[in-house]
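Notes follow the structure.
The values are calculated or read from the model by the stated rules, or taken from the named source; none is laboratory data. Keep in mind that what you see is a predicted model, and the values were worked out from it rather than measured. Positions of Cβ are backbone-derived with ideal geometry, glycine not excepted, and every protein chain shown enters the neighbour counts.
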């Protein structure tokens with residue numbers, strides 16, 4: 001059945017019982033339109049523009065049958081083992097995983113930026129002597145270089161929100177890869193910290209595009225049952241990039257001269273040719289094509305995203321009818337799909353949840369593992385040992401995210417987030433306490449061990465789950481814009497982290513020299529996040545996009561999302577006199593922008 005959209009059993013029952021009910025005097029049901037309002041004759045006589053009728057719903061009875069069949073097939077698909085689902089939709093899985101590899105490159109870049117500040121060759125080229133003669137880069141410049149990267153990412157995020165809605169994922173992906181190839185030259189041939197700042201600012205633009213484009217693409221081409229796995233793969237790609245960065249940095253310690261820092265930058269070029277090739281042959285998101293009115297192209301894309309022969313003419317018609325219907329439902333709240341729509345109606349609450357999910361992911365204390373080499377040197381480790389332990393800390397990324405992917409289908413998003421935030425908070429408390437203990441080798445090793453635990457907890461819980469929450473919580477019609485806004489908030493959090501962490505962790509004269517005491521600061525934040533998660537984060541596990549739309553439209557309490565029954569076509573809206581004369585009450589989607597709309601659950605079409 002329909003891969004990009006599946007419907008819950010509750011919705012199936014709702015459709016079966018509430019979709020339509022005509023009076024005994026009603027003519028043939030094909031005359032009626034589910035989404036089109038009655039003709040306003042006064043408007044026509046006055047010369048004003050009449051309301052638009054969605055012609056795809058004019059054959060009402062046939063559309064009902066298609067959608068009901070799609071719902072029934074979705075019920076059956078929800079019971080299919082995951083192995084069979086992967087077999088059915090292996091092309092979608094493959095394209096999603098390959099295009100997300102762009103984030104391996106980005107994770108590698110972020111790892112390089114933060115740990116280069118402890119790299120001897122890098123410090124020799126770009127640093128200057130401290131008061132005691134030690135070569136260093138000031139915390140102000142460390143913060144500025146990191147902020148430059150994040151400011152570029154914000155530009156890329158905002159640019160992607162506009163580009164992806166108009167040109168689709170494929171073309172934007174190839175454009176960003178080409179831009180990335182050009183911007184790396186600035187870093188590779190840098191001669192001072194000013195060039196590093198400009199280079200990171202420019203590289204941040206394509207990085208910002210990749211951050212949201214890959215997540216939205218994975219969410220839209222995969223069936224609901226696989227969404228959690230493939231959006232969690234995005235987190236694994238980040239982790240793999242961070243691990244590669246530590247390995248490359250450790251290996252480059254033995255290189256002579258400028259090769260020690262140029263080789264890590266140059267290795268980023270190797271990702272670009274194969275990823276552009278994959279993007280060229282990838283299908284466009286069928287949801288994007290539906291929103292653009294390109295139904296035939298959407299059909300071709302759907303066929304390419306499933307194994308050969310999976311779709312029959314009948315099941316394809318069902319899938320397209322359901323997708324078009326979902327798109328029309330969401331037009332009620334966001335007709336033009338702009339950033340402004342993210343703050344209208346139920347989208348305001350959804351945008352807030354997405355933004356908070358990103359904030360919690362960056363401001364929980366795990367970010368200090370990206371500065372592990374600096375932090376471990378501050379608690380007494382040698383330079384070489386600090387980089388060795390940094391590799392160990394980042395090496396758990398792939399394994400921990402693999403565990404998360406396995407658990408994603410069994411454990412809810414809310415549970416992952418609550419226990420993940422609490423676990424990291426407990427580790428931050430212990431690390432903070434160690435900061436008050438005298439600097440000895442055993443303290444440094446224990447600190448490194450708890451950093452490994454923090455990284456494990458993060459990669460099993462907050463890391464991958466954020467991408468799932470973001471992809472599932474946002475409305476389909478403004479998903480790209482919502483993810484962009486949320487990620488922009490995340491990048492702003494990164495800017496804060498890039499300013500705070502170097503000052504808190506460094507022991508130089510211009511730093512605060514907190515060292516491991518930094519854990520106390522993040523412990524306080526984790527406590528606040530755990531409280532917010534408990535009261536405000538809804539559970540979206542095993543909910544289709546239509547289910548989630550309904551629950552938000554009903555303003556369901558976050559703690560009741562998992563248990564609330566679904567009635568997607570609940571009757572709402574003002575009286576429709578013209579239709580009542582014909583013996584019909586019209587089904588209208590819930591519109592939270594209309595304050596006067598009242599739910600009338602006893603009416604059926």
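For this structure, a couple of remarks:
- Of the residues making up the stretch 428-443, just one is more than 21 Å from residue 512 (Cβ to Cβ), in a helix (DSSP H, G or I) and touching a residue at least 40 places away in the same chain (Cβ under 8 Å), namely 441.
- The condition of being surrounded by fewer than 17 Cβ atoms within 10 Å (Cβ to Cβ) and modelled with pLDDT of 90 or more holds for only one of 295, 354, that being 295.
- Test for residue 131: is it out of contact with any strand residue (DSSP E or B) (no Cβ under 8 Å at 6 or more places or on another chain), in contact (Cβ under 8 Å) with a residue 12 or more places away in the chain, closer than 28 Å to residue 390 by Cα and surrounded by fewer than 17 Cβ atoms within 10 Å (Cβ to Cβ): yes
- Flag if residue 380 is surrounded by fewer than 22 Cβ atoms within 10 Å (Cβ to Cβ) and not in a helix (DSSP H, G or I): yes
- Against the list (1) surrounded by 23 or more Cβ atoms within 10 Å (Cβ to Cβ); (2) modelled with pLDDT under 85; (3) farther than 27 Å from residue 390 by Cβ, the condition residue 158 fails is (1).
- Residue 326 vs. criteria crowded, with 20+ Cβ neighbours inside 10 Å, modelled with pLDDT under 90 and in a helix (DSSP H, G or I): yes
- Residue 449 vs. criteria assigned to a helix (DSSP H, G or I), out of contact with any helix residue (DSSP H, G or I) (no Cβ under 7 Å at 6 or more places or on another chain) and at pLDDT 90 or above: yes
- Residue 152 crowded, with 19+ Cβ neighbours inside 10 Å, under 20 Å from residue 499 (Cα atoms), within 20 Å of the chain's Cα centre (by Cα) and free of Cβ contacts under 8 Å to residues at least 60 places away in the same chain: yes
- Every condition in (1) assigned to a helix (DSSP H, G or I); (2) surrounded by fewer than 19 Cβ atoms within 10 Å (Cβ to Cβ); (3) without any contact (Cβ under 8 Å) to a residue 60 or more places away in the chain holds for residue 308 except the one numbered (1).
- Of all the numbered requirements in (1) surrounded by fewer than 19 Cβ atoms within 10 Å (Cβ to Cβ); (2) assigned to a helix (DSSP H, G or I); (3) more than 34 Å from the chain's Cα centre (by Cα), residue 121 misses one, and that requirement is (1).
- Failed item, numbered, when residue 542 is tested on (1) modelled with pLDDT of 90 or more; (2) under 20 Å from residue 467 (Cα atoms): (1)
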